[in-house]
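Undergrad: I am attaching a structure below and will ask some questions about it afterwards.
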Amino acid sequence: MSKQELGITVKKDENVSEWYTQVVKKAGLADYAPVKGCMIIEPYGMKIWERIKKKFNKMIEDEVDNAYFPLLIPESYLEKEKDIVEGFDPEVAWVENAGKDGKLEERLAIRPTSESIIADYMSKNIRSYRDLPFRINQWANIMRWEATDTRPFLRTREFLWQEGHTAHKSEENATEEVLKRLGQYAELFEDIMAIPVLKGKKPEHDKFPGATVTTTVECLMPDGKSIQAGTSHNLGTNFAEAFEIEYEDENQKKNKCHTTSWGISTRSIGALILAHGDDKGLVMPPNIAPIEVVVVPILVGDNKEKVLEFSEKVKEELSSFRVKVDKNRDKSPGYKFNKWELKGVPLRIEVGPNEVEDKELTTVRRDNGEKQVLEFDGISDKVEEILEDVQYELYKKLEKSREENTRTAETLDEILDNIDTYGGYVKTAWCGEEECEAKVKDEVHAEIVLLPFDKDVRSSDVGSECAICGEKSEEVVYFAKTY
């Protein structure tokens, strides 16, 4: 690949779609698969997903057991819960034949979600109140065939995800579970991926099929569109009734369990790309970066071996970080700089003959290009300070952008004008009727992304009447265009 081919050839703010595609492919994150709407996740992209898995598993490991459930789900299982059937019917891919002439007795769904098969498993493993809370999680692939406007990570027919499923004695216990997992998603995005989120719930008409309440974390991208980063659902007793998930209480009375489900997917990688990337490619927050520091030896003259030797000493000194030494002798330093900038490595350390002689290191931050010459002695502490600052600054930049791109509206015209002119979030009062949301959707293709939990968000600047129909409103909502 030439230097020109390596680099990004379009600016993010001029053509974000083409920019995104180039970053995904040229940074080695993913490629297109033979089946339309599917993707090949390449090693570097998979390393990011593995980092996400590792971080989230750490959050839940004390309470939740990981397991795995079959890819194929009998049609009769899906049919037990009518909302699942109706909600996912357009998206389900079916297996109807085995071999050349073998018609299956029952169609098998390639899982669009696993509530039904895991609910059946729960019904066989829960007997007493002592079995509760019952918590299980799986990391798996999902197939949803309806997706048409596909884009790697953001919207694909097949994707990877985590789905947690739990059962509880009461509605209160289930609600606590839903909010706890949502809070962990917020922590994952904010503390690990440096992406600020809003927490709230979806409108009634936009709930997960079979849920009584769907909660969500939403993050605003620099181009003004919102991404649903993770969801946590209170399923009430809907699945318990359909699959007879029951427990016997202290008085030997049988009761229906209250169940939940919650998940994040490889869409989170798409959010990471869009949130932090720039015209050079990826910008990785240190906490999620597969490589935190890349050491680039400047191999010139007769000092090549000394430079390589000193570079290895730098790696040893930074052993508490994820460090790579780029020893490639066939590429120029400039090529290597461009390569690791494209991949978003948070910190580059340059080691040449002068650095070896002076026992100094030249460091370059990926987020702002700041260059420093630092002494080798004590470099580990200095690198830690730099990476902490990179993590902080990336978060604060997005937080400031969200604040600047959240506006209020009291009328339909104000909603439409703000979305059409500026994008971002538009906070407004809403009566709760889907027809009012539809008027915004029809005009500017924006929708209600969430009803925020924080009641303090209601203020006089949105009024107490629905901005669209003028009826009395008890809700504040955020409108935005979405990915």
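The values are calculated or read from the model by the stated rules, or taken from the named source; none is laboratory data. Bear in mind the structure is a predicted one, so any value in this text is a computation, not a measurement. All Cβ positions, glycine included, derive from the backbone under ideal geometry; neighbour counts span all protein chains shown.
Undergrad: Please work out if residue 448 is more than 24 Å from the chain's Cα centre (by Cα), more than 30 Å from residue 321 (Cβ to Cβ) and of a type in the set (A, V, I, L, M, F, W, C).
TA: Details: more than 24 Å from the chain's Cα centre (by Cα): no; more than 30 Å from residue 321 (Cβ to Cβ): yes; of a type in the set (A, V, I, L, M, F, W, C): yes.
Considered against the rule, which asks whether it is more than 24 Å from the chain's Cα centre (by Cα), more than 30 Å from residue 321 (Cβ to Cβ) and of a type in the set (A, V, I, L, M, F, W, C), residue 448 comes out as no.
Undergrad: Cβ-Cβ distance below 8 Å, separation of 6 or more or different chains: which pairs start in the stretch 332-345 with a residue that is on the phi < 0 side of the Ramachandran plot and end on one that is of a type in the set (A, V, I, L, M, F, W, C) and part of a helix (DSSP H, G or I)?
TA: 335/6; 338/6; 339/6; 342/6; 342/23
Undergrad: Okay, moving on. Look at the stretch 181-211 and say how many of its residues are in a helix (DSSP H, G or I) and within 17 Å of the chain's Cα centre (by Cα). Before you say what the answer is, go through the steps one by one.
TA: Kept after step one, since they are in a helix (DSSP H, G or I), are these residues of the stretch 181-211: 181-192, 204-206.
Pick out the ones that are also within 17 Å of the chain's Cα centre (by Cα) and you get 181-192.
Number satisfying all stated conditions: 12.
Undergrad: In addition: Hey, can you tell me all the residues within the stretch 6-26 that are farther than 14 Å from residue 273 by Cα and either in the same structural domain as residue 335 (by TED's automatic domain parsing) or surrounded by 14 or more Cβ atoms within 10 Å (Cβ to Cβ) (or both)?
TA: Correct list: 6, 7, 10.
Undergrad: Considering only residues of the stretch 155-180 that are among the basic types (Lys, Arg) and either crowded, with 18+ Cβ neighbours inside 10 Å or outside any strand (DSSP E or B) (or both), which is modelled with the lowest pLDDT?
TA: Only one residue tops the list, namely 157.
Undergrad: Inspect all residues belonging to the stretch 461-472 and state whether any of them is over 30 Å from residue 347 (Cβ atoms), of a type in the set (Val, Ile, Thr) and surrounded by fewer than 16 Cβ atoms within 10 Å (Cβ to Cβ).
TA: Filtering the stretch 461-472 down to residues over 30 Å from residue 347 (Cβ atoms) leaves 461-472.
Checking the rest, the ones that are also of a type in the set (Val, Ile, Thr) come to 462, 468.
When the remaining residues are screened for being surrounded by fewer than 16 Cβ atoms within 10 Å (Cβ to Cβ), the result is none.
Taking every residue of the stretch 461-472 in turn, none turns out to be over 30 Å from residue 347 (Cβ atoms), of a type in the set (Val, Ile, Thr) and surrounded by fewer than 16 Cβ atoms within 10 Å (Cβ to Cβ).
Undergrad: List pairs: first residue in the stretch 424-436 and assigned to a strand (DSSP E or B), second residue among the polar types (S, T, N, Q) anywhere in the structure, Cβ distance under 6 angstrom, at least six positions apart or on different chains.
TA: Short answer, once both residue conditions are applied: 425/406; 426/418; 427/408; 429/473; 430/473.
Undergrad: Also, quick follow-up: When residue 111 is evaluated against the numbered criteria (1) surrounded by 13 or more Cβ atoms within 10 Å (Cβ to Cβ); (2) among the charged types (D, E, K, R); (3) touching an Asp or Glu at 6+ places or on another chain (Cβ under 9 Å), which criterion, by number, is the only one it fails?
TA: (3)
Undergrad: What number of residues within the stretch 314-331 satisfy the criterion of being outside any loop (DSSP other than H, G, I, E, B) and without any contact (Cβ under 8 Å) to a residue 12 or more places away in the chain?
TA: The qualifying residues number 1.
Undergrad: Here is a further query. Would you mind finding the one in 118, 110, 142, 126 that is more than 29 Å from residue 49 (Cα to Cα), β-branched (Val, Ile, Thr) and out of contact with any Gly (no Cβ under 8 Å at 6 or more places or on another chain)?
TA: So the residue among 118, 110, 142, 126 that is more than 29 Å from residue 49 (Cα to Cα), β-branched (Val, Ile, Thr) and out of contact with any Gly (no Cβ under 8 Å at 6 or more places or on another chain) is 126.
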